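Read through the structure below, which is laid out as C-alpha cells, and then see the notes.
Every read-out reported here was derived from the displayed coordinates using simple, explicitly stated rules and does not represent laboratory data. Just so it is clear, the structure is predicted and the values come from calculations on it, not from any experiment. Cβ atoms come from the backbone with ideal geometry, glycine included; neighbour counts cover every protein chain shown.
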Amino acid sequence: MSYNRLLYFFSTIESTTRGSSIFSKKSSFIFLLLLLGGLLQAQPYDMLLKGGYVIDPKNNIDKKMDVAISGKTIAKVAADIPETDARKVLQVEGLFVTPGFIDIHSHVFVGSNDGFADGFNSVSPDDFSFKSGVTTMVDAGTSGWTNFALFKKHVIDRSRTRVLAFLEVADSGFSAGNAAARDLTKLNPKNISETIRKYPEHIVGICIGHYDGDDWTIFDKAREAANAVGVPILVECHLPKFSLEGQLNHMRPGDIITHAYEKVSERMPVVDENGKVRPFVLEARNRGVLFDVGHGGAGFWFSQAIPALRQGLLPNSFGTDFHRFSMNAGMKDMLNVMSKYLNMGMSLSDVITRATWYPARSIHREDLGNLSESSVADIAVVGLTRGQFGFIDAGNNKIKGTRKFVAEMTIREGKIVWDLNGISATQYNADTH
Ligand SMILES: [Zn+2]
C-alpha cells in the first residue's frame with residue numbers, strides 16, 4: 001500500500017470510530033502501528049520503469065509491463081505498478097525493456113605498467129559496454145593462469161561493467177602473443193583448474209585461442225582442465241591445420257565455437273560451396289555444441305551467416321570479438337551485430353534471447369540475462385529506429401536494412417549507467433534557472 005493510500009485509509013477509519021473512547025484508544029494504537037509500518041513500506045521501490053515493452057525470454061514475457069527496482073535487484077515485473085510506489089519513475093513507453101546484454105566474446109585486458117605485451121588491442125569495458133546496452137562482457141582468453149590476477153586487479157575490479165573471463169589454455173593468454181598458444185610444453189591443466197577454482201565468480205570457462213599448430217594435445221589439455229572444474233571450452237581458433245569436422249568432434253555439448261560464420265581463414269566454413277550447411281555441422285549443433293557469432297574483424301561473413309540462418313543454424317549468442325580493430329570496422333558494437341541479424345530476418349524475440357538468456361546459460365550464469373524478481377537489476381532499455389541503414393561484414397560486403405537498435409538507457413545493479421536522451425534527467429527550465 002502506498003503512503004498516500006495509507007493516510008487516506010487511516011483518516012477514513014478514524015472518522016468512523018470517533019465517539020468510542022476505549023475503541024478509539026485501542027484502534028489509534030493499531031493505526032499508529034499501521035502508519036509506522038506504512039511509512040517504512042512507503043514507496044517500496046527505488047525506481048520504476050513505466051510503460052515499456054518487456055522482453056524477458058527466460059520468463060516468457062513478451063508484452064507491455066512495468067519493472068520495479070529496489071536497491072540492486074529487480075523487485076517486481078507486472079502490469080500497472082502504481083507510480084506512487086517508487087521514488088523515481090522513468091517513462092519508457094515505446095521502448096523495449098530487456099535484461100542487460102551479455103557479450104561472451106570480448107577482449108578487455110587492457111595494458112598496464114606491469115609488463116604484459118599485447119593488451120594494446122584490447123579496450124576498456126566501460127568505454128563501450130553501456131552505450132550499447134551491454135552489462136556483462138566476457139573476455140575470451142586475453143589472460144591465462146599466470147596473469148589472470150593482474151587482469152582482475154587492473155580491469156575486473158575497476159570496471160562498472162561486469163567482467164568475466166574465459167581463461168586461455170596457454171599460460172599467459174593472448175596478452176603474451178599468439179606464439180604462447182603454440183608452446184604446448186607450457187600447457188598446465190592443473191594450474192588452469194586451480195586458477196578457475198580460486199576465482200569461481202569471474203572465470204566461466206577455458207579458451208583455446210588462435211592456435212595454429214597441428215597437435216590435438218591442446219584440446220586434450222583444455223579438456224582435462226575443463227573436466228576438473230566443470231566449465232565449457234570456447235574454441236576461438238582458425239586452426240587451419242585441423243579440419244572443421246575434427247574440431248567439432250573434439251567438442252562436447254555446451255562447448256562453444258566462435259567465429260562460427262567466418263570464411264576468411266583457411267578453416268573450412270560451416271556452409272559449403274553450394275550454399276548448404278555441412279551435415280556434420282548440423283549434427284554438432286544437434287548434440288549441443290553452441291555457435292557464437294564472434295564477429296570481430298574476420299569472423300562474420302554474410303555468405304555464411306545468411307544461408308546458415310535460413311537453414312536453421314542460428315547463433316546461440318552474439319559474441320562481438322570486441323577489440324580496437326573490430327569496433328572500427330563492420331562489427332562496431334553488440335547492438336550493431338543484433339541489428340544486423342534483425343535485418344537479416346531473425347525475429348525480434350530471437351535476437352533478444354540470443355543477447356540475454358542464451359549467453360547467460362552458455363556461461364553457466366543462470367543468475368544473469370533475465371528479469372526474474374530478486375535477480376540483479378542489469379537492464380537494457382532500447383529503441384528501434386527506422387530509416388535507411390547499411391551493415392557491413394568482414395569482407396566489406398554490405399546489406400541494407402530499415403531497423404536499427406539504439407540503447408536509450410542502461411542500468412547496472414540498479415544504477416543508471418547510460419542515459420542517451422535524459423529519460424532520468426530533470427527538465428531544465430530557462431525561466432527558473
Ligand atoms: Zn577474440
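The length gained on full extension between Gln91 and Thr73, counted as 0.36 nm times the residue separation minus their Cα-Cα distance, comes to 4.6 nm. For the chain, adding -39500 (n - 2.57) for each run of n ≥ 4 DSSP H residues and dividing by the number of residues yields -8000 deg cm²/dmol at 222 nm.
Can you put Ser372, Ser122 in order, fewest other beta carbons within 10 Å first? It would help to have the intermediate numbers written out before the result.
On the way: Ser372 17, Ser122 22.
Arranged by neighbour count, lowest to highest, Ser372, Ser122 become Ser372, Ser122.
Put in line by how crowded their Cβ is, counting other Cβ atoms within 10 Å and starting with the fewest, Thr185, Thr146 read Thr185, Thr146. Label positions at Thr432 and Asn227, each projected 7 Å from the Cα along the C-beta direction, are separated by 6.9 nm.
Provide Asp378, Asp215, Asp350, Asp393 in ascending order of the number of other Cβ atoms located within 10 Å of each residue's Cβ, fewest first. Intermediate values should be presented prior to the final figure.
On the way: Asp378 29, Asp215 12, Asp350 17, Asp393 26.
The fewest-first ordering by Cβ neighbours comes to Asp215, Asp350, Asp393, Asp378.
Between Ser349 and Gln311, the simple label model (points 7 Å from Cα in the Cβ direction) yields a spacing of 2.7 nm.
Listed by number, the DSSP H helices of the chain that run 24 Å or longer by alpha-carbon position along their axis and have mean Kyte hydropathy of at least 1.0 are 21-41. Beta bridges from DSSP with both residues in the stretch 99-412: antiparallel share about 35 percent, rounded to the nearest 5. Note on Asn396 and Ser159: their simple-model spin labels are 3.1 nm apart, each label 7 Å out from Cα toward Cβ. A simple rule links phi to the HN-Hα coupling: the Karplus curve 6.51 cos²θ - 1.76 cosθ + 1.60 with θ = phi - 60°, which for the stretch 85-92 gives 7, 10, 5, 10, 10, 10, 7, 10 Hz, with x for Gly and Pro. Compared with the alpha-carbon gap, the fully stretched path from Phe389 to His364 is longer by 5.5 nm at 0.36 nm per residue.
Between His238, His105, His250, the residue with the greatest mean-square fluctuation in the GNM of the chain (Cα pairs under 10 Å linked by springs) is His250.
Would you work out if the chain is rounded, prolate or oblate? Take a ≥ b ≥ c from the square roots of the eigenvalues of the alpha-carbon gyration tensor; rounded if a/c is under 1.5, else prolate when a/b is larger than b/c, oblate otherwise. Cα axes put the chain in the prolate bin.
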